[in-house]
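Worksheet: the structure to be examined is printed underneath.
The values are calculated or read from the model by the stated rules, or taken from the named source; none is laboratory data. Nothing here was measured: the structure is a model prediction, and the numbers come from that model. Heads up, the Cβs are rebuilt from the backbone with ideal geometry, glycines too, and the neighbour counts pull from every protein chain shown.
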Amino acid sequence: MTEAADRYFWLWDTFFAFVYVSVVFLVIVVANGPTLAERAAAIALLTAIAVSYVFVGRPCIAAEEFGWRLNLFVAALFLCTAGAAYFVPITQYTFFGVIPLLFMSLRLAVAIVIVAMAIVVTILLSSAGEPPANPVNTAVAITISVIFSVAIGVWIDKVIKQSSERGELIKQLEASQAEVSRLSREAGVTGERERLAGEIHDTLAQGFTSIITLVQAAESELGRDEPQVRRHLALALRTARENLAESRALVAALAPAELTESSVLDAIRRQAAKLTEETGIAVDVGVQGERRPLATGIDVVLLRTVQEALSNVRKHADAGTVEIVLSYQEGSVVLLVTDDGRGFDPSAPTSGFGLRGMRSRIDQVGGSLSVTSSPGSGTTVELEVCT
């Protein structure tokens, strides 16, 4: 039985109790023909029905245990009802409660057969009593009872089936909701991992690479050019401090440290100046259109794209000049990073995180990224984000 059906089963308990009390009242007050012993026997049989319902029938029906115990209850129900009708014919009104119980305890077809048999037996037994009951009156009463009870029984059968189907549907929906929640959590965890991986690659990893390069450069100048050594070490120290600030911002899940104190354009210019100081590559930063404030997420994507593009120039391009153009257009902002380096084949497989992480970050803000390059002809990175 479904949870909803079990929750409202007390209504049936109330109905059956009402039928029992009403029939007992009829036996005691209304029935005049039967003797006191016959009335007592009828009441005893009715009470046996009530007791067997409480201790056997109801628990089996509620637990859907359609075995020998429930079959025994049906047999007792049948015999006690017929016996009570034999002693006191007016107890035939017990069928108002008995017939729904039969439909709840048996398959629909079997219940209809048992009900028909009960009608015949009850009419025969009630007509055989002393004084004999009027067969016509008995038939009319039983027919009315059967019509009502069969209708209720069929309705009960449909309600039980619908409740079971709805219960299964609810279970499926709950399972689906649990699965959606699980997938959402996994997607959130995966997204956060990708975000952290991108942040670490774009900031800390690139910063450490710069520190290593500067320290190696300083080491190569030891004993030959002390001012140059101090310059490399100063740049390495500054990069280390910037990395420390980025790591703190990353832990606090804040915007990049550079963007907390200045605009995205200023942050891009600092990245360009840093590349020039470290490598000697000339970097030109230009702006087109009227500058306007952008969402923090877009600022982060613009800055990280510039960082990744300049990191690739530093490590791979062997370029002499780099041009960065930030173009504010109607409804969008476009970033162009162009170098005159050796270029590469964009279709060739790569094992690094750079471009993949860049595309993943851009997808989060609904932007588009294109990388145009070929061996010997430089590289152009173009990013467009709707604002």
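Before moving on, here are some points about what is shown:
- Which listed residue, of Ala37, Ala42, Ala76, is within 22 Å of Met117 (Cα to Cα), more than 54 Å from the chain's Cα centre (by Cα) and not aromatic (Phe, Trp, Tyr): Ala42
- Of the candidates Val365, Val325, Val334, the single residue that is among the β-branched types (Val, Ile, Thr) and touching a helix residue (DSSP H, G or I) at 6+ places or on another chain (Cβ under 7 Å) is Val365.
- When the range 260-278 is filtered for residues that are buried (at least 18 other Cβ atoms within 10 Å of the Cβ) and among the polar types (S, T, N, Q), only Gln271 remains.
- Qualifying residue in the range 194-213 (condition: at pLDDT 80 or above, exposed (fewer than 15 other Cβ atoms within 10 Å of the Cβ) and not assigned by TED's automatic domain parsing to the domain that holds Ile324): yes
- Selection over the range 368-378 of residues that are closer than 16 Å to Ser332 by Cβ and in contact with an Asp or Glu (Cβ under 6 Å, 6 or more places away or on another chain) gives a count of 2.
- The residues listed here are Gly341, Gly357, Gly366; of these, the one that is part of a loop (DSSP other than H, G, I, E, B) and surrounded by 14 or more Cβ atoms within 10 Å (Cβ to Cβ) is Gly341.
- Criterion violated by Ala348 - all others in (1) on the phi > 0 side of the Ramachandran plot; (2) loosely packed, with under 15 Cβ neighbours inside 10 Å satisfied: (1)
- Residue within the range 26-33 that is in contact (Cβ under 8 Å) with a residue 12 or more places away in the chain, closer than 30 Å to Lys161 by Cα, touching a Lys or Arg at 6+ places or on another chain (Cβ under 7 Å) and assigned to a helix (DSSP H, G or I) present: no
- Hey, Thr296 touching an Asp or Glu at 6+ places or on another chain (Cβ under 6 Å) and either exposed (fewer than 15 other Cβ atoms within 10 Å of the Cβ) or over 23 Å from Val385 (Cα atoms) (or both) or not: no
- Residue within the range 284-303 that is within 27 Å of Ala217 (Cα to Cα) and without any contact (Cβ under 8 Å) to a residue 40 or more places away in the chain present: no
- Residue selected from the range 39-70 under the condition out of contact with any Asp or Glu (no Cβ under 8 Å at 6 or more places or on another chain) and touching a residue at least 60 places away in the same chain (Cβ under 8 Å), by the criterion nearest to Phe87 (Cα to Cα): Ile61
- Selection of the range 51-105 for residues being over 21 Å from Val24 (Cα atoms) and not in a helix (DSSP H, G or I) yields Glu64, Glu65, Phe66, Gly67.
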